[in-house]
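Peer 1: The following block contains the structure, expressed as structure tokens.
The values are calculated or read from the model by the stated rules, or taken from the named source; none is laboratory data. Because the structure is a prediction, the values reported are computed rather than measured. So basically every Cβ, Gly included, is an ideal-geometry build from the backbone, and we count neighbours across all protein chains shown. In case anyone asks, the SASA skips ligands and DNA or RNA and just uses the protein heavy atoms, side chains included. Shrake-Rupley method; radii C 1.70, N 1.55, O 1.52, S 1.80 Å.
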Amino acid sequence: MPAEASPLKVTIMDSVKDAMRAKEKERLSVLRQITAAIKQVEVDNRADLSDDDIVVILTKMTKQRREALDQYEQAGRDDLAAIEKAELKVIEEFMPAQLSDEEVAEAIDAAIKETNASSAKDMGAVMNVLRPKLQGRADMGAVSGKVKAVLNQ
């Protein structure tokens, strides 16, 4: 008997069906990109993905879109930037709510206390505690910079 599909995957698949019924071509295209990325990882790993695994894929996709968006805006390609913004908006619908700066700071403080970190050489241990808690809910690059700043004080 197949394993139960993750709730997030079911939501995404339902959104694909809804977009098909509503004939929303652009939205359907992005949703199919998401499902293709999920299927690719499932095939590669020979396992069904959990919601957390899917959030990692979505996080990667949002990062790619943001980088492309920045490049298009710098190049003055507003037409292509608009496409990236629209795709980003669809992908972000399935992401968990983003944490505030205060919530991220609290998580960093808690992780530093938990690991007894005292210098920059302890950064890896702190990030290992933070990553599962914050993945998809905060920009991990920014979190890393904040951890480094706190540890270098």
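Peer 1: Step through the residues of the stretch 36-42 one at a time and calculate ³J(HN,Hα) from phi using the Karplus curve (6.51 cos²θ - 1.76 cosθ + 1.60, θ = phi - 60°), rounding each to whole Hz and writing x for Gly and Pro.
Peer 2: These are the phi-based 3J(HN,Hα) values: 5, 5, 5, 4, 4, 5, 4 Hz.
Peer 1: Also, quick follow-up: Given the options M95, M13, M61, which has the most mean-square fluctuation in a GNM of the chain, springs set between C-alpha atoms less than 10 angstrom apart?
Peer 2: M13
Peer 1: Can you work out ³J(HN,Hα) from phi for every residue in the stretch 60-76, in order, using Karplus 6.51 cos²θ - 1.76 cosθ + 1.60 and θ = phi - 60°, giving whole Hz and x for Gly and Pro?
Peer 2: 4, 5, 5, 4, 4, 5, 5, 5, 5, 4, 4, 5, 5, 5, 5, 7, x
Peer 1: Averaged per residue, what accessible area in Å² does the chain show with a 1.4 Å probe, protein chains only? Intermediate values should be presented prior to the final figure.
Peer 2: On the way: 9830 Å² over 153 residues.
Averaged over the residues of the chain, the accessible area is 64 Å².
Peer 1: Please identify, among A86, A22, A138, the residue showing maximal mean-square fluctuation in a Gaussian network model of the chain using a 10 angstrom Cα cutoff.
Peer 2: Answer for the Gaussian network model of the chain: A22.
Peer 1: Further question: Grab the Cα-Cα distance for T35 and A22, subtract it from 0.36 nm times how many residues apart they are, and report the gain in nm with one decimal.
Peer 2: Additional length available on full extension: 2.9 nm.
Peer 1: With volume of the Cα convex hull per residue in Å³ as the read-out, I listed (1) 149; (2) 90; (3) 120; which label goes with the value calculated from this structure?
Peer 2: (1)
Peer 1: If each of E73 and N128 carries a label point 7 Å out from its Cα toward its Cβ, how far apart are those two points in nm?
Peer 2: 3.6
Peer 1: Give a quick list of trypsin sites (Lys or Arg not before Pro) in the stretch 31-65 that DSSP marks as loop, anything other than H, G, I, E or B, with at most 14 other Cβ atoms within 10 Å.
Peer 2: R46
Peer 1: Give me the number: length gained by fully extending A110 to V56, i.e. 0.36 nm times residue separation minus the C-alpha to C-alpha distance, one decimal in nm.
Peer 2: Values: separation 54, 0.36 × 54 = 19.44 nm, distance 2.27 nm.
Separation in residues times 0.36 nm, less the Cα-Cα distance, equals 17.2 nm.
Peer 1: Loop by DSSP (not H, G, I, E, B), at most 16 other beta-carbon atoms within 10 Å: where is the longest site-free stretch of the chain for GluC sites (Glu not before Pro)?
Peer 2: The segment 25-92 is the longest one with no such site.
Peer 1: Over the chain, what is the mean sequence separation of C-alpha contacts under 8 Å (at least six apart), divided by residue count, expressed as relative contact order in percent?
Peer 2: 21
Peer 1: Using a Förster distance of 22 angstrom, determine the FRET efficiency expected from the C-beta separation of N152 and Q98, and round it to 0.05.
Peer 2: Numbers: r = 26 Å, r/R0 = 1.16.
For N152 and Q98, the calculated efficiency is 0.30.
Peer 1: With each pseudo-label sitting 7 Å past Cα toward Cβ, what's the A120-K89 distance in nm, one decimal?
Peer 2: Reported label-point gap for A120 and K89 is 4.2 nm.
Peer 1: Rounded to whole Hz and in sequence order, give me ³J(HN,Hα) for the stretch 44-55 from the Karplus expression 6.51 cos²θ - 1.76 cosθ + 1.60, θ = phi - 60°, writing x for Gly and Pro.
Peer 2: My calculation for the stretch 44-55 gives 4, 8, 6, 7, 6, 8, 8, 4, 4, 5, 5, 4 Hz in order.
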